[in-house]
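**Q** Questions regarding the structure given below will be posed in turn.
Readers should treat all values here as calculations from the given coordinates under stated rules, not as data from a laboratory. Quantities reported herein were computed from a predicted structural model and do not represent experimental measurements. For neighbour counting, all protein chains shown are included, and Cβ atoms are generated from backbone atoms with ideal geometry for every residue, glycine included.
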There are 2 protein chains.
Amino acid sequence: MPNIYEGRNVNIADVYELIEENSQMYIGWLKEACNQPSVSVLNEGMSEMKELVKFFLNKIGAEITEIETNGYPIIYGEINNGKEKTLTFYNHYDVQPVDPIGEWDSEPFETDIREGQIFARGVADNKGNLIARICALHAFLEVYKELPINVKFIFEGEEEVGSPNLEFFATNHPEKLLTDGIIWEGGTRGANDKRLHIGLGVKGICYVELVCKGANSDLHSSEAAIIENPAWRLIWALNTIKNENEEILIKDFYSDIKPLEEKEKEFIGTMDFNEEETKELYGIDRFIKNLSGYDLKDALTTAPTCTVCGIESGYTDEGAKTVLPSIAKVKLDFRLVPDQHPDKIAELLRNHLDAHGFQDIEIKQSHGLAPFNTDPNDLFVDKVLKSVKEVYKEPPIILRNLAGSSPMSKMLVDTGIPAVQIGVANTQSKYHAPNENIFVDDFIQGIKVTAAVVKNF
Amino acid sequence: MPNIYEGRNVNIADVYELIEENSQMYIGWLKEACNQPSVSVLNEGMSEMKELVKFFLNKIGAEITEIETNGYPIIYGEINNGKEKTLTFYNHYDVQPVDPIGEWDSEPFETDIREGQIFARGVADNKGNLIARICALHAFLEVYKELPINVKFIFEGEEEVGSPNLEFFATNHPEKLLTDGIIWEGGTRGANDKRLHIGLGVKGICYVELVCKGANSDLHSSEAAIIENPAWRLIWALNTIKNENEEILIKDFYSDIKPLEEKEKEFIGTMDFNEEETKELYGIDRFIKNLSGYDLKDALTTAPTCTVCGIESGYTDEGAKTVLPSIAKVKLDFRLVPDQHPDKIAELLRNHLDAHGFQDIEIKQSHGLAPFNTDPNDLFVDKVLKSVKEVYKEPPIILRNLAGSSPMSKMLVDTGIPAVQIGVANTQSKYHAPNENIFVDDFIQGIKVTAAVVKNF
């Protein structure tokens, strides 16, 4: 198409206008990305998704390097104009599994738009963000012909399985990591307050599987009178780990937690959280420990957790089977806050089980991520805030860290590189769950914010 | 074939001889029965199995009545010679599901004979018994031309789902139930002592499913900082039900238990139980609470149990999924002893959960069976003992009750009908488990014992 901006002075408002004009095309790109399955844990569609990511990076003329790992490759892209400053976008092209599939109202990998919302697996986490970054640069280039900064893209395919190769990338490709600031995935719009929530970090995670074994095969449950049941042993062990007051009972679990600074408490105080709407949305009548107000927001931001993500033993299909199981397994997810460390938590858990007589219960440490926080006084944070204020009417909320985890620490620890999370999802986007969604408007706004960051950087 | 017994005096030894001569044919009948799937809980092959049972009853000239229920029909058979005494055989033609299918060394529904053992789902529980009864009568009729007694068959298709229609049968067909004694399924040969274990009763059972619900859909596990986790609630609830000393903590759970009589203690004392071999077989290094000797046999016979047969919540496939589950379920099996009653146990469980703050946990009472015991002084018991002694070299062991459950009480409570359990399986037959099996020799001996009972009755 002829370029209408040729030969005239342009400004960022022209970019916003072009984004609006191109919105159907950009939504089409997002649908294309979401319709391609890319479930890393099941190795479903990963290779096809990788090619699709390269296809999109090609649209904006990025120089692409496929960095092989022992898992899925990292797609590294670069637009180097020889400028002074470099801005990096981190995203991931893998998504979570779709189960329970029966609870989706539309097919997870057939993007469906209903009443202003886009439904698909991965649309919130985080293909919406990945595509929005591409679209923003596309629009910027259409209008300005050239970027005022250098841009780098680090798109990995293993975020949903704990980013096992991101540290390898940082160690082996320091020149590719070199940057003045990173726009990270995450960051959401408040579903109620309509304000953008900007994150300056994430909780860490220690994800383990505990395995308890009994007899060498399942037995008739009448044998339970004399043969130990690994399911019961696992239940008793779990009961020693967390009590009904949600207190994690592992010795020294809380010891390394850094007290909050006053500024961080202020951040928490300014958070918006509509308790009644959230209760209604999730169909619950109370929050954990009946928390509300500041305490509830504080828990979401700063409380470490221990979550049973999955437990399985014996016969779990329909009807009755009288079986004494031979094995019981539980998947536990500890969310960590500064300065807890996943390896230490796994070690404390081992000590705890041993001390309580559960030496036989095996711990499989699946993956771990340390927490990460950016200094809120870094200038990069100011630039992003300015950009957000230009696009959104409401001022953003700053979160000391998000409740979720990301591999920020793996790549960024000790680099001094500031990272800020902004994104196109909202607090009710159903990450990792059936009917994952974002709003069409948030996607378009997210493109504009990214363009604004490029301009203000 | 010409009948070689025609016109000469015959005796039971001739029947035994004919059983030996026909053994390959009888094993063929067993294979035919085992190769037909009949998983009642999954409604797999039930209709075909019903027809096969009728086919076998036809071989011995039984008059067959198909008794419709609201589930699978009861196949009732009768050979009425107008004799004074009537002997009844109770068996079931349904079997348990085959999972975990990966742990079978041969196909569960393709009977495989290896080193003198017959492997198939249901071969021990209890198609081996059902077919052995048929074969015995077939052999007896071949030799004697006529039975000295009337014979009835009650073959149900719902034993593995708790026999929901057996009480209906007893109530609506009292004339069909009328008998002088019942040979029940169950009863096994000691895998080590080679002696037949004769049962005079069974434990009862109360099988329930507990369901705990959280949010209305699975959430990202970062939400666990503020949203309750039903898996944790279920674990805490279960922990209040049984402690690490295997004590069931439900108030009044033990109150109705009848103390053992001296004779019953003697029965327990004569039981054979090779502890070391059992440990090796099951790959365990100790029994529950380090029990051994009399205490171990006593537990197996007289201890009520509370068994987690299955527990499930959240993500249980391979790898890591960071999910906060919306629902958690556990299947619990309480084995009961005289005079505990399943309805009362379910009521006590409800009271217990309420008293411990778990009013929200739903109890689904799947099925229940009261315990049942035959008076050891009944003459029918003597006749069966005599028959067993004629066939087996070692005297049998009498069990006050088996460790498993059966719907004996449903049909027999308050009838005064004595029931004795003898069977072709052994104590290592892996009931309900992968690689379920019986020995070929036990199958043949079992046919002979049944023939002896017919003669001695």
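**Q** Rounded, prolate or oblate: which fits region B:356-404 when a ≥ b ≥ c are the square roots of the eigenvalues of the alpha-carbon gyration tensor, with rounded for a/c under 1.5 and prolate only if a/b beats b/c?
**A** prolate
**Q** Counting only other chains, what is the mean number of Cβ atoms within 10 angstrom of the Cβ of each residue in peptide A:274-285?
**A** The mean count of partner-chain Cβ atoms within 10 Å per residue comes to 3.
**Q** To the nearest 500 deg cm²/dmol, what mean residue ellipticity at 222 nm is calculated for chain A from DSSP H runs of n ≥ 4 alone, each contributing -39,500 (n - 2.57), summed and divided by the residues?
**A** Rounded to the nearest 500, it is -10000 deg cm²/dmol.
**Q** Let's see if you can work this out: charge +1 on each Lys and Arg Cβ, -1 on each Asp and Glu Cβ, no other charges. What is the dipole magnitude of the protein assembly as shown about its Cα centre, in debye to the nearest 20?
**A** Dipole size: approximately 480 debye.
**Q** Tell me, what is a quarter of the convex hull surface for the C-alpha atoms of region B:102-216, in nm² with one decimal?
**A** Projected over every direction and averaged, the Cα hull of region B:102-216 covers 13.4 nm².
**Q** With unit charges on the beta carbon (Lys/Arg positive, Asp/Glu negative), name the residue among A:ASN58, A:VAL10, A:VAL98 whose Cα is farthest towards the positive pole of the charge dipole of region A:1-105.
**A** Towards the positive end, the residue furthest out is A:VAL10.
**Q** I would also like to ask the following. Averaging sequence separations of C-alpha pairs under 8 Å and six or more residues apart, then dividing by the length of region A:150-201, give the relative contact order as a whole percent.
**A** 18 percent
**Q** On to the next question. Once each part is reduced to its C-alpha centroid, what is the distance from region B:319-390 to region B:199-272 in angstrom?
**A** 9 Å
**Q** Write down Rg/Rh for chain B, rounded to two decimals, with Rg from the C-alpha atoms and Rh from the Kirkwood relation over Cα pairs.
**A** That ratio is 1.00, to two decimals.
**Q** Using the per-residue mean of other Cβ atoms lying within 10 Å as a proxy for protection, in what order, highest first, do the peptides B:171-179, A:326-334 fall?
**A** Listed from highest to lowest mean packing, they are A:326-334, B:171-179.
**Q** Give me the percent of DSSP beta bridges within the protein assembly as shown that run antiparallel, rounded to the nearest 5.
**A** Antiparallel bridges: around 70 percent, rounded to the nearest 5.
**Q** Calculate the all-directions average of the projected area of region B:204-369's alpha-carbon convex hull, and give it in nm².
**A** 12.0 nm²
**Q** Follow-up. Counting pairs of alpha carbon atoms under 8 Å apart in space and at least six apart in sequence, what relative contact order in percent does region B:204-369 give? Before the final figure, lay out each step's value.
**A** Working: 242 pairs, mean separation 82.1, N = 166.
Contact order relative to length: 49 percent.
**Q** Dipole size in debye (nearest 20) for chain A around its Cα centre, Lys and Arg Cβ +1, Asp and Glu Cβ -1? Don't jump to the answer; show the numbers that get you there.
**A** Numbers: 45 positive and 74 negative charges, 161 e Å.
Magnitude of the dipole: close to 780 debye.
**Q** Also, I was wondering about something else. Taking just the C-alpha trace of region B:1-130, give me its Rg and Dmax in Å.
**A** 17.3, 55
**Q** Would you please put A:68-80, B:270-282, A:429-441 in order of how densely packed they are, using the mean number of other Cβ atoms within 10 angstrom per residue and starting with the highest?
**A** A:429-441, A:68-80, B:270-282
**Q** Under a Cβ-Cβ cut-off of 10 Å, what is the net charge of the residues other than A:HIS341 that fall near it, where Lys and Arg count +1 and Asp and Glu count -1?
**A** -3
**Q** To the nearest 10 degrees, how steep is helix B:230-241 against the longest Cα principal axis of chain B, on a 0 to 90 scale?
**A** The angle comes out at about 60 degrees.
**Q** If you don't mind, another one. Share of antiparallel DSSP beta bridges in chain B, in percent to the nearest 5?
**A** The answer is about 70 percent antiparallel.
**Q** What is the helix-to-structure angle for B:23-35, meaning the angle in degrees between its Cα long axis and the longest Cα principal axis of chain B, kept from 0 to 90 and rounded to the nearest 10?
**A** Approximately 30 degrees, to the nearest 10.
**Q** OK, next. Between region B:274-291 and region B:90-135, how far is it from one alpha carbon centroid to the other, in angstrom?
**A** 25 Å
**Q** Sequence-distant or interchain residues sharing an amide H contact under 5 Å with B:CYS309, placed H: which?
**A** Amide H neighbours of B:CYS309: B:LYS331, B:LEU332, B:ASP333.
**Q** Given the pairs A:LYS331/B:LYS213; B:LYS83/B:LYS455; B:LYS31/B:LYS54; B:LYS203/B:LYS263; A:LYS329/B:LYS329, which span a C-alpha to C-alpha distance of over 21 angstrom in this model?
**A** Flagged as over cut-off: nothing, all pairs pass.
**Q** Note down, for region A:291-424, the three equivalent ellipsoid semi-axes (square root of 5 times each alpha carbon gyration tensor eigenvalue), biggest first, whole angstrom. Write out the running numbers ahead of the final one.
**A** Numbers: eigenvalues 310, 77, 37 Å².
Whole-Å semi-axes of the equivalent ellipsoid: 39, 20, 14.
**Q** What are the principal axis extents of the Cα atoms in region A:90-150, in Å, biggest first?
**A** Answer, in whole Å and largest first: 47, 26, 12 Å.
**Q** Sorted from shortest, what are the nm distances separating the label point of A:ASN245 from equivalent points in the other copies, each placed 7 Å from Cα along Cα to C-beta?
**A** Spelled out, the distances from A:ASN245's label point are 2.5 nm.
**Q** Students often check this: by mean Cβ neighbours within 10 Å, which of A:378-387, A:226-235 ranks highest, and how do the rest follow?
**A** Packing proxy ranking, top to bottom: A:226-235, A:378-387.
**Q** When a/c is below 1.5 the answer is rounded, else prolate if a/b is larger than b/c, else oblate, so apply that to region B:157-226 with a ≥ b ≥ c taken from the square roots of the Cα gyration tensor eigenvalues.
**A** In terms of gyration-tensor shape, oblate.
**Q** If you average over every viewing direction, what projected area does the convex hull of the Cα atoms of the protein assembly as shown give, in nm²?
**A** Mean shadow area of the hull around the Cα atoms is 42.3 nm².
**Q** Please tell me the relative contact order of chain B in percent, rounded to the nearest whole number, where contacts are Cα pairs under 8 Å and at least six residues apart.
**A** Numbers: 908 pairs, mean separation 120.4, N = 457.
In percent, rounded to a whole number, it is 26.
**Q** Another question about this same structure. Could you work out, residue by residue across B:324-334, how many beta carbons of other chains sit within 10 Å of that residue's beta carbon, and then give the average as an integer?
**A** Mean inter-chain Cβ contacts per residue within 10 Å come to 5.
**Q** Another question, then. What is the angle, in °, between the Cα long axis of helix B:342-355 and the longest principal axis of the Cα atoms in chain B? Nearest 10 is fine, range 0 to 90.
**A** Taking the Cα atoms of chain B, the angle to B:342-355 is about 10 degrees.
**Q** Residues of B:397-410, mean number of Cβ from any other protein chain within 10 Å of their own Cβ, rounded to a whole number?
**A** Neighbouring Cβ atoms belonging to other protein chains average 1 per residue here.
**Q** Once you charge only the Cβ atoms, +1 for Lys and Arg and -1 for Asp and Glu, what is the size of the charge dipole of region B:204-369 about its Cα centre, to the nearest 20 debye?
**A** Its charge dipole is roughly 460 debye.
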